[in-house]
1. Which one of these is part of a helix (DSSP H, G or I), touching a Lys or Arg at 6+ places or on another chain (Cβ under 7 Å) and crowded, with 18+ Cβ neighbours inside 10 Å: VAL356, VAL376?
2. For ILE301, work out the one condition from (1) among the β-branched types (Val, Ile, Thr); (2) within 20 Å of MET88 (Cα to Cα); (3) surrounded by 18 or more Cβ atoms within 10 Å (Cβ to Cβ) it doesn't fulfil.
3. Applying the selection to the stretch 119-144, what residues are buried (at least 24 other Cβ atoms within 10 Å of the Cβ), of a type outside the set (Ser, Thr, Tyr) and assigned to a helix (DSSP H, G or I)?
4. Answer yes if at least one residue in the stretch 319-337 is of a type outside the set (D, E, K, R) and under 20 Å from the mean Cα position of the chain (by Cα), and no otherwise.
5. Can you name the number of the only condition in (1) at pLDDT below 85; (2) under 18 Å from LEU200 (Cβ atoms); (3) not small (Gly, Ala, Ser) that ILE140 fails?
6. Conditions first: (1) touching a residue at least 24 places away in the same chain (Cβ under 8 Å); (2) surrounded by fewer than 21 Cβ atoms within 10 Å (Cβ to Cβ). ALA369 passes all but one, so which condition is the exception?
7. Determine which single condition TYR207 fails, assuming it passes every other condition in (1) assigned to a helix (DSSP H, G or I); (2) within 30 Å of VAL358 (Cα to Cα).
8. What is the number of the single condition among (1) crowded, with 24+ Cβ neighbours inside 10 Å; (2) without any contact (Cβ under 8 Å) to a residue 24 or more places away in the chain that THR93 does not meet?
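The values are calculated or read from the model by the stated rules, or taken from the named source; none is laboratory data. As the structure is a prediction and not an experimental result, all values here were calculated from the model. Note: ideal-geometry Cβ built from the backbone for every residue, glycine included; neighbour counts use all protein chains shown.
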Amino acid sequence: MDMFFDFLKDIIDGELDIYVITFTLLFTMIILLFLSFPMVVPLAAGALIGLVHFSDIDTGVMIQQMVTGISPNALIAVPMFILAADIMARGHTAHNLLGLVEAFVGHLRGGLPITACISCTLFGSVSGSTQATVVSVGQIMRPKLLQAGYKDSFVMALIINASDIAFLIPPSIGLILYGTLANTSVAELFIAGIGPGIVLAILFSIYCYGYSRLQGDRITLVPQKSRTERIAAFKKALLPLGFPILIVGGIYSGAVTPTEAASFSVLYALIVECLIYRELKLKDILDAALGTGLITAVVFILVGMGQAFSWYISFEQIPQGLLAPLELEGASKEYILFIIALSFFIGCMFVDSLVVLVILTPIFVPIVAASGLDPVLVGVMITLQMAIGSATPPFGCDIFTAIAIFNKPYMDVIRGTPPFIIILAIMSALLIFVPEIALILRDLAFT
């Protein structure tokens, strides 16, 4: 009991002990979260308490760090990709991509869930957003899968987790933000994310096939498409398929930077949906622009405040003190990758993945540099954990997106997720022990 009161006295007196500071900041932030404040408020409160109570630093440094956090030029790509994704999500892109995949594999055993999985991958290469993928693919594929006899718990879990691939396949907002925070090439990160995204799609497809085999005659197979129908589906999907070619091909060839590719993607989306498909009106474009502005504001405020908070805890050398018992100095690369993956996985289960990214990335950057780990590999691993967290209970954002669009209770939505989480854990292990999955395309493109 005396130790407890001494600990409280240290907090009140502002004693500079990392455990005292850590407890104070965490306690304050958790209380504010339970009081339903948006995440930016706990971050601001933590940084201010640290600056005012535990140090003599002018609080003006907080504004400086916030501005620094949102200053990198690479962040210009974020609103561009968000806007392009919103435009295509409102148009015919998702329908045409789904039609292409279904025309070739829909008739096979497990063909419809595999269609959903591959379509999430393709639409992820268009949107870069897991939530947009859940909405666009989920609203189309869920009725088809239910009609074919698949259980709703499996269908919702498939859509939620297959949408995670959008975090890995470029354009990925997670990869852009990591590249900015870790001073790593966004172009290399984009190329490196393709391999793990494809492997993850294959693993999900294998599970879908096995699940369909176990269900047996309960599952109704859809009729096989004719050659003419397949050609028609391919023609309809040509324009949407041009989007990832524009981004990946442009970056791979060195013709454009990721930021330039983002601006071209908006122009491409406008031409396809407004002039060719003629699906969207001026009001739709204005709504997309407004939505993009709101999302961008939220992301940038989080990034700026996260930078201020990260700067303070780095100034107090809190990460070094807390990570010291883990003995990361001199540890193997596999062990360090495991600790990074575990830290981000646990964090993203409870807090928005972008918040975890801006807080934890600056903590691990020096460790990654000292260990000789490839920062591109680390970025892909971190982004994978962000993807897992977005679909993992209790607070994965994709879960709540599915609750909203499917109008289903929380427990019904998460009931079928365990097998997919296991597959995602296997993917994490593969990245740790077979890093070439991520690095081989990067090495081919940039060496």
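1. Going through VAL356, VAL376 in turn, just one is part of a helix (DSSP H, G or I), touching a Lys or Arg at 6+ places or on another chain (Cβ under 7 Å) and crowded, with 18+ Cβ neighbours inside 10 Å: VAL376.
2. (2)
3. Those that are buried (at least 24 other Cβ atoms within 10 Å of the Cβ), of a type outside the set (Ser, Thr, Tyr) and assigned to a helix (DSSP H, G or I): CYS120, LEU122, PHE123, GLY124, VAL126, VAL134, VAL137, GLY138, MET141.
4. yes
5. Result: ILE140 fails condition (2) only.
6. If we test ALA369 against (1) touching a residue at least 24 places away in the same chain (Cβ under 8 Å); (2) surrounded by fewer than 21 Cβ atoms within 10 Å (Cβ to Cβ), just (1) comes out false.
7. For TYR207, the exception is condition (2).
8. Among (1) crowded, with 24+ Cβ neighbours inside 10 Å; (2) without any contact (Cβ under 8 Å) to a residue 24 or more places away in the chain, the lone unmet condition for THR93 is (2).
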